[in-house]
Amino acid sequence: MAAAVERVRAAVRTHSTRFEHAIPLIASENLLSPYAKELLISDLHSRYAEGLPGERYYEGNEQVDEVENLCLDLARRLFRCSFADVRPISGTVANLAVLKALAEPGELVGTSRLADGAHISSAGFGAFGLRSVKPVYYAWDPERMTIDVGRTREILRAVRPKLCLFGLSLFLFPLPVDELRPTLEEIGATAWYDGAHVLGLIAGGQFQDPLREGCSVISASTHKTLPGPQHGILLGEGLAPEVAKRLQSGAFPGVTSNHHLNAMAALAVSLAEHLEFGRDYARQTIANARALGQALHDRGFDVLAADLGFTRSHTIAVRVAAEGGGAPVAQRLAEAGIISNKNLLPGDSSPKHPGGVRLGTPEVTRVGMREPEMVRIAELFDALLHRGRPPPEVAAAAAELKRGFTTVRYCFAAGEAAYRYYDLVGRPPA
Ligand code: DSN
């Protein structure tokens, strides 16, 4: 058994070193701040606190109540909203809570297709299937990489779903919630936004503002552009009291028993840090994504939406048919120390053969990279995929580039404290 423990520790150490030397470009990943990471391994990890603050089923929850009330208050301040629930333990769980609260089995729910970038929650084999709701798909504009408003209006008027989900996993541009709002009101649909990917951009005031554009509920994970722990959240504005209550019961006891109290404490810290640093972080994350798109485009890569500046978010999409296809390219990049994922792109003929890679800048921005480093990353892509340089050579160059960027920024106790994120267990901040 001891040998097994050592193997696990060794594997995690190897993983951490690998990522320390790599250029991580997964659009859905980010790094925790020192204070947030510290709380993730606190005693809260071992405790139960079902229910809401002041209405628990266990004793010993006074400090947990204080943390949860603080977390709720910070969430409401950051997103300028009147309702928050921080008990869903992931983005998908948050989506399930909304579906449980706002849709009945058999009902129609508007959403986007997986091939157009939707999250697997919208699939029959995902949260939609678990709640037995039927998707009504919006029309898609592949040139603008967003929902086609005119054709979607017609679909909504014809089918009249009661609930409409707006949100993507390949999320390049704001979705036209505002433009669809009159139609949604006409058919009496509740607009629901899955903000997992762009939560930190919304909070930083650099993307769309769904709660002011007609959505009454946001569900999200909290660890993508919002650099928090792996967790979930519900936010709402203008909700009738009975709808707020239904969302709360959707979260508990609907789709969680205990929530993860350590992650909730880490989330509270991340929200507080985002209130302080989120605007700058969101702005630089988007600037980096656009700079990476431009630098790849300049080197002959087929970056989608070139006419629109590639993206308004943290993500770009690159069609890599000419370089061998999504799966082989993502694998070759990983061998060269550049971590990304293969991705279906609009127009792909087979879901088994994604034609692109999705690249995101949340993590490289978090460690302080800016536009000049995006150009250097594009040079690594070019060397590997166009000029045939061997992966180990490119990996060495990637590690060299990364050497100056292993300290988490945009958080308290960063900078001078020189906190090394990739240590197996984080040192406490100075
Ligand atoms: N799987 C995540 C992503 O990479 O987009 C979303 O849950």
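In the set Tyr193, Tyr281, only one residue is part of a helix (DSSP H, G or I) and either within 16 Å of the ligand (Cβ to nearest atom) or buried (at least 24 other Cβ atoms within 10 Å of the Cβ) (or both); that residue is Tyr281. Output the residue which, of all residues in the stretch 114-125 that are within 11 Å of the ligand (Cβ to nearest atom) and out of contact with any helix residue (DSSP H, G or I) (no Cβ under 6 Å at 6 or more places or on another chain), is farthest from Pro174 (Cα to Cα). Only one residue tops the list, namely Ile120. Scanning the stretch 91-113 for residues that are within 15 Å of the ligand (Cβ to nearest atom), among the aliphatic types (A, V, I, L, M) and out of contact with any helix residue (DSSP H, G or I) (no Cβ under 7 Å at 6 or more places or on another chain) gives a single hit, Ala94. Of the residues making up the stretch 196-218, those that are touching a strand residue (DSSP E or B) at 6+ places or on another chain (Cβ under 6 Å), part of a loop (DSSP other than H, G, I, E, B) and touching a residue at least 40 places away in the same chain (Cβ under 8 Å) are Ala196, Cys215. Considering only residues that are touching a strand residue (DSSP E or B) at 6+ places or on another chain (Cβ under 9 Å) and either among the acidic types (Asp, Glu) or at positive phi (or both), which ones fall in the stretch 112-160? Across the stretch 112-160, the qualifying residues are Asp116, Gly117, Asp141, Met145, Asp148, Arg160. Scanning the stretch 265-274 turns up no residue that is free of Cβ contacts under 8 Å to residues at least 60 places away in the same chain and within 16 Å of the chain's Cα centre (by Cα). Summed over the stretch 342-358, residues that are more than 15 Å from the ligand (Cβ to nearest atom), in contact with a strand residue (DSSP E or B) (Cβ under 7 Å, 6 or more places away or on another chain) and in contact (Cβ under 8 Å) with a residue 60 or more places away in the chain total 1.
When the helices (runs of 4 or more DSSP H) confined to the stretch 1-116 are screened for residues that are exposed (fewer than 14 other Cβ atoms within 10 Å of the Cβ), those reaching at least 2 such residues are found at 2-21, 62-79. Surrounded by 14 or more Cβ atoms within 10 Å (Cβ to Cβ), in contact with a strand residue (DSSP E or B) (Cβ under 6 Å, 6 or more places away or on another chain) and not in a helix (DSSP H, G or I) - does that describe any residue in the stretch 363-371? No, the stretch 363-371 contains no residue that is surrounded by 14 or more Cβ atoms within 10 Å (Cβ to Cβ), in contact with a strand residue (DSSP E or B) (Cβ under 6 Å, 6 or more places away or on another chain) and not in a helix (DSSP H, G or I). The condition of being surrounded by fewer than 17 Cβ atoms within 10 Å (Cβ to Cβ) and under 21 Å from Glu373 (Cβ atoms) holds for only one of Ala317, Ala322, Ala330, Ala334, that being Ala334.
Here, each number is a calculation from the coordinates, and none is a lab measurement. In this text, all values refer to a predicted model and were calculated from it rather than measured experimentally. Here Cβ is always computed from backbone atoms with ideal geometry, including for glycine, and neighbour counts include all displayed protein chains.
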